[in-house]
Amino acid sequence: MKGRITTFVFSIVTVVAVAQPPANYYSSITTQQCATLKTALSNIISNGFSSKSYDALWNQYLLTDIKPREVGSGSANVIYDIYSDNPTGTDPYNFTPGTKQCGNYKKESDCYNREHSFPKSWFNDASPMYSDYIHLLPTDGFVNNKRSNYIYGEVGSASFTSLNGSKLGTSSFAGVSGTVFEPIDSFKGDVARIYLYMVTRYESKLAQWNGYNTEGAKTLDGTTFPAVEIPYLRLMLKWHYQDPVSQKEIIRNNGAYSFQNNRNPFVDHPEYVDRVWNATCPGLSLLPVDVIDFQAKLSGSKVLLNWSVMNEENLRSYEVQRSFNGKDFEYVGSVAAGKQSRYNYTDNVESFSGRSLFYRLRKVDFDGQYAYSDVVAVNVPLNVKFSLYPNPARDKVYININNNSNAMVQIGVCDIQGRKVLVQYAKAVNGQIVLQVDKLTPGVYFVTMTVDGGQWMQKLVVDR
């Protein structure tokens, strides 16, 4: 989770300072991998665990589940609710700690409750899981009710969307079907690491849980290891890598140790996730090299492709393929695999103005076998050659030519009736030309640039 937490960290430092684990908490972990490491971690976080009451959670939330208030009046700190927090803007509402505890609700913001992020029906309401603080989050009661006991997932078609963008709907993730609940991106890593904690802490109970025929049974394979069905494991790993450990999680983890004397090892050591579940482990040889967070972004006359990977074993290269219809792809370039976590490729699309482009990656291993990534798309506007700033303009406009061209260009300005009101010939300096528009009357104009045998147009507003 990424977000605004600095003020909160300083405000509760006296509370969390004593909640650090002993220096030797993970001292038994050396070179273990896969199932051996999972069991070793299970032993660490189970030994000394002190189960607390479900009611005791309310007071614990007041210590390590709060953040600075953004809206409303009252206490300086409010409940940190992942279904109403908005890391990129203003929260739609805030809960005053200790008040509006559910309770009854009819809409969002009525009250907050104690959500089993690993729903209680998945383990038949049994203890000590029922009151295990690590997976019990304070969340909006109305949204929690919408989530019900559905698994987390990625939503294709939403039937409900909360005020902060959390969604309920039909799964769009390969291999995961049915109705799923999707938190916003900033908390996907949080809930993934909680899920992986639960299948590690309670690994001896997984076979029993898998027999309950609940939503959770869709995600469990009935074994101690790997414990999770491969498609759902891919999703949890994807979210873990996409959303790194946050200060919010660290504070909660310290709170868990103070409250119940155990911790989430995947918050303390995110690298343990890859050491426990990777393609070299027995039973996971079919876990593919997975491309996550594949993105295409237009920058001037170029498309910037970026992607992250996990489980990169025996891979030779990523071949970049482009299509104009999303079906027929052609090779455009290759990036050598080097066991990195992130890769990029730049495609020049200056000649494809006004078209939609589709990209995919062909993952090729040293044995010649290959598989494809998901497809991403980007629309290329008619004008990819230059941009105008400021727009609207008052007295002058800076024309920035993509590719940093120093060529001679012709600039023409027409009004909305198509009458040419200004013509200028100039040589770009470091890709930039200054156009004086102080003598033009306020209104809408079209700026045309002719360079290198091509012509591009951009709308300009003059406003004084």
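If the only charges are +1 at each Lys and Arg Cβ and -1 at each Asp and Glu Cβ, what is the size of the charge dipole of the chain around the Cα centre, to the nearest 20 debye?
Details: 45 positive and 42 negative charges, 202 e Å.
Its charge dipole is roughly 960 debye.
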In nanometres, the difference between 0.36 nm per residue of separation and the alpha-carbon distance of V423 and Q32 is 133.6 nm
Choose one of A35, P22, S373: the residue whose Cα lies farthest towards the positive end of the charge dipole of the chain (beta-carbon charges +1 Lys, Arg; -1 Asp, Glu; about the Cα centre). S373
With an 8 Å Cα cut-off and a minimum separation of 6 or more residues, compute the relative contact order for the stretch 159-286 in percent. 21 percent
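For the full complex of protein chains and a 1.4 angstrom probe, list R263, R419 by accessible area with the highest value first.
Working: R263 5, R419 140 Å².
Largest to smallest exposure gives the sequence R419, R263.
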Treating cross-link reach as a plain straight distance, find the lysines whose alpha-carbon is under 21 Å from the alpha-carbon of K327, omitting any fewer than eight places away in the same chain. K297, K363
Straight distance only, please: which lysines reach the Cα of K100 with their own Cα at less than 27 Å, same-chain residues fewer than 8 apart left out? K2, K52, K67, K120, K146, K167, K188, K248
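Just order 233-239, 65-71 by mean Cβ neighbour count inside 10 Å, highest at the front, would you? Write down the numbers at each step before the final one.
Values: 233-239: 23.0, 65-71: 18.4.
The peptides rank, most packed first, as 233-239, 65-71.
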Rank-order 81-90, 425-434 by packing density, defined as the average count of other C-beta atoms within 10 Å over each peptide's residues, highest first. 81-90, 425-434
Could the peptides 177-186, 192-201 be put in order, highest first, of the mean number of other beta-carbon atoms found within 10 Å of their residues? 192-201, 177-186
Which log10 I(q)/I(0) values, to two decimals, does the chain give at q = 0.06, 0.10, 0.12 Å⁻¹ under the Debye formula with one point per Cα? -0.37, -0.87, -1.07
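If you take the square roots of the eigenvalues of the alpha-carbon gyration tensor of the stretch 392-442 and sort them as a ≥ b ≥ c, do you get rounded (a/c under 1.5), prolate (a/b over b/c) or oblate? Spell out each step's value before the answer.
On the way: a/c = 2.45, a/b = 1.71, b/c = 1.43.
It is prolate, given that a/c is not under 1.5 and a/b is the larger ratio.
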Here the Cα Rg-to-2.2 N^0.38 Å ratio for the stretch 23-111 is 1.56
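I need the calculated FRET efficiency for the pair N149 and D367, taking r as the beta carbon distance and R₀ as 41 Å, to the nearest 0.05.
Working: r = 42 Å, r/R0 = 1.03.
The pair N149/D367 has a calculated efficiency of 0.45.
Please work out whether the stretch 194-302 counts as rounded, prolate or oblate from its C-alpha gyration tensor, where a ≥ b ≥ c are the square roots of the eigenvalues and a/c under 1.5 means rounded, while otherwise a/b larger than b/c means prolate and anything else oblate?
Numbers: a/c = 2.12, a/b = 1.24, b/c = 1.71.
The shape class here is oblate.
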Accessible area per residue for the chain in Å², computed with a 1.4 Å probe and the full protein assembly in place, what is it? 44 Å²
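The values are calculated or read from the model by the stated rules, or taken from the named source; none is laboratory data. If you're wondering where the values come from, they're calculated on a predicted model, not measured in any experiment. Methodologically, a virtual Cβ is constructed for each residue, glycine included, from the backbone with ideal geometry; neighbour enumeration extends over all protein chains shown. These accessible areas exclude ligands, DNA and RNA; they are computed on the full protein's heavy atoms, side chains included. Shrake-Rupley method; radii C 1.70, N 1.55, O 1.52, S 1.80 Å.
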